[in-house]
Amino acid sequence: MGPSVLPALQRVGASGWYILGQECEQFEKAFAQYCKTQFAIGTGNGLDALEIALRVEGLQKGDAVITPPLSAFATTLAIIRAGGKPVFVDVDEDGLLDLQAVEKLLQARSQIRFLLPVHLYGKCVSIEALKRLSDQYGLSVIEDAAQAVGASSKGTPVGGASRIWATSFYPTKNLGGIGDGGALLTDSEELAEKARSLRDYGQKGKYEHHLLGMNSRLDEIQAAILSVHLESLEAMNLRRREIAQSYAQQIQSQHLISLFQGTQLSHLSESSHHLYPVLLKDPAKRASFLSYLDQNGIQGQIHYPFLIPEAAALKDTAFEIEGDLKNARRFVESEVSLPIHPYLTESEVHHVVNVINCWGGE
Ligand SMILES: *Cc1c(COP(=O)(O)O)cnc(C)c1O
């Protein structure tokens with residue numbers, strides 16, 4: 001924990017005010033400004049923020065929500081908790097929701113009204129394309145930007161296709177607290193008010209309960225810490241981009257597919273690079289690749305090792321699957337995330353590059 005965080009902790013401790021106070025308000029203002037939106041509403045976590053966003057958008061029990069099968073489980077859980085029915089559509093070659101497949105589905109099923117895309121790994125789903133789908137098919141788009149704070153798509157910041165969208169401040173996220181936290185973002189005063197109410201028992205003023213809300217508030221300690229971390233977010237994201245650039249340019253392995261190879265540097269500069277995914281050409285070699293990395297002091301991870309619709313928790317839940325989810329399955333079987341933490345030193349980055357380039361694929 002950096003020294004600048006301690007005064008924030010002391011300030012909150014001395015104030016004696018721990019929930020929904022000045023720290024939360026100040027952070028919400030600063031974060032809204034960072035996101036180029038009018039309002040930010042802090043919540044207890046990203047899962048709740050997504051659920052609240054769906055409810056604010058008027059999701060009714062049984063409503064279909066298009067979403068990818070490759071994401072954090074929370075994305076789907078939010079839909080189910082809000083009463084919706086997930087409709088899983090495959091991802092594209094980059095691991096992002098395949099918008100062509102989405103459009104095909106919308107042409108066949110004009111009654112579908114909700115779309116929950118995920119800016120996975122920090123890479124933005126095309127905001128332009130999302131907006132067009134939203135306009136043309138009358139959709140409510142709720143972007144899951146838990147991994148993409150600070151990312152943009154052709155210059156438009158994340159969130160640009162949504163009336164209300166959500167993010168997470170889980171400690172490992174690009175902007176993380178020292179515990180759970182999340183936020184909703186919107187330009188609409190009306191939606192902001194409804195979200196504020198839903199996170200706080202559904203009350204408007206004190207004891208005025210007009211909605212069946214939940215308890216999901218961003219506490220003062222987290223807000224104070226997040227205000228400090230927000231100041232260095234741009235520098236941290238910049239550092240992530242530098243590392244991504246080094247990986248994209250220097251990793252040359254016949255055994256791996258880099259998702260960023262051949263993409264222009266401008267594309268690299270728009271992702272928030274929450275994770276740096278590569279794919280094994282031969283999925284059967286993933287375990288040995290991971291242990292090879294481990295032997296060399298490098299922690300590789302898998303995002304994600306299962307398809308959401310195949311999770312045991314969904315066995316008694318209504319959902320639909322469109323197509324064979326071939327691309328998502330490819331990620332499940334062959335993806336490895338390389339370290340891209342902003343505190344990695346140059347020599348650590350070179351070490352990762354060298355170790356990978358020396359791998360013989362055995
Ligand atoms: C982390 C994450 C969430 C959930 O956020 P929590 O704060 O852990 O509830 C949702 N979606 C995605 C894509 C995430 O990475």
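The values are calculated or read from the model by the stated rules, or taken from the named source; none is laboratory data. Please read these numbers as outputs of a predicted model, since none were measured by experiment. Positions of Cβ are generated from backbone atoms using ideal geometry, with glycine treated the same way; all protein chains shown enter the neighbour counts. Note: accessible area is taken over every heavy atom of the protein model, side chains too, but ligands, DNA and RNA are not part of it. Shrake-Rupley method; radii C 1.70, N 1.55, O 1.52, S 1.80 Å.
If we scan the range 35-42, do we find a residue that is within 14 Å of the ligand (Cβ to nearest atom) and either surrounded by fewer than 21 Cβ atoms within 10 Å (Cβ to Cβ) or not hydrophobic (A, V, I, L, M, F, W, C) (or both)? Looking through the range 35-42, at least one residue is within 14 Å of the ligand (Cβ to nearest atom) and either surrounded by fewer than 21 Cβ atoms within 10 Å (Cβ to Cβ) or not hydrophobic (A, V, I, L, M, F, W, C) (or both). Each residue in the range 125-152 was checked for being out of contact with any Gly (no Cβ under 9 Å at 6 or more places or on another chain) and either within 16 Å of the ligand (Cβ to nearest atom) or under 25 Å from I80 (Cβ atoms) (or both), and 8 of them qualify.
The number of residues in the range 158-171 that are more than 8 Å from the ligand (Cβ to nearest atom) and surrounded by fewer than 24 Cβ atoms within 10 Å (Cβ to Cβ) comes to 3.
Selection of the range 73-119 for residues being within 13 Å of the ligand (Cβ to nearest atom), under 23 Å from Y276 (Cβ atoms) and open to solvent by 30 Å² or more (accessible area, probe 1.4 Å) yields F73, A74.
Kindly indicate the residue of the range 263-289 that is open to solvent by 40 Å² or more (accessible area, probe 1.4 Å) and closer than 26 Å to A146 by Cα and also modelled with the highest pLDDT among those meeting that condition. Top of the filtered list is E270. In the set I243, I178, only one residue is in contact with a helix residue (DSSP H, G or I) (Cβ under 6 Å, 6 or more places away or on another chain) and within 14 Å of the ligand (Cβ to nearest atom); that residue is I178. Is it true that G297 is free of Cβ contacts under 8 Å to residues at least 12 places away in the same chain and surrounded by fewer than 12 Cβ atoms within 10 Å (Cβ to Cβ)? Here the answer is no, as G297 does not meet what is asked. For the range 174-186, the criterion of being under 13 Å from D48 (Cα atoms) and either open to solvent by 10 Å² or more (accessible area, probe 1.4 Å) or without any contact (Cβ under 8 Å) to a residue 40 or more places away in the chain (or both) is met by at least one residue.
For the residues S337, S347, the requirement of being open to solvent by less than 10 Å² (accessible area, probe 1.4 Å), at pLDDT 95 or above and outside any loop (DSSP other than H, G, I, E, B) singles out S337. For the range 1-34, the candidate set comprises residues that are crowded, with 17+ Cβ neighbours inside 10 Å and under 21 Å from the mean Cα position of the chain (by Cα); within that set, the residue that is farthest from L185 (Cα to Cα) is F27. E51 meets all of the listed conditions (1) surrounded by fewer than 19 Cβ atoms within 10 Å (Cβ to Cβ); (2) within 16 Å of the ligand (Cβ to nearest atom); (3) charged (D, E, K, R) but one, namely (1). The condition of being away from the ligand (no atom under 16 Å from the Cβ) and either at pLDDT 95 or above or of a type in the set (D, E) (or both) holds for D63.
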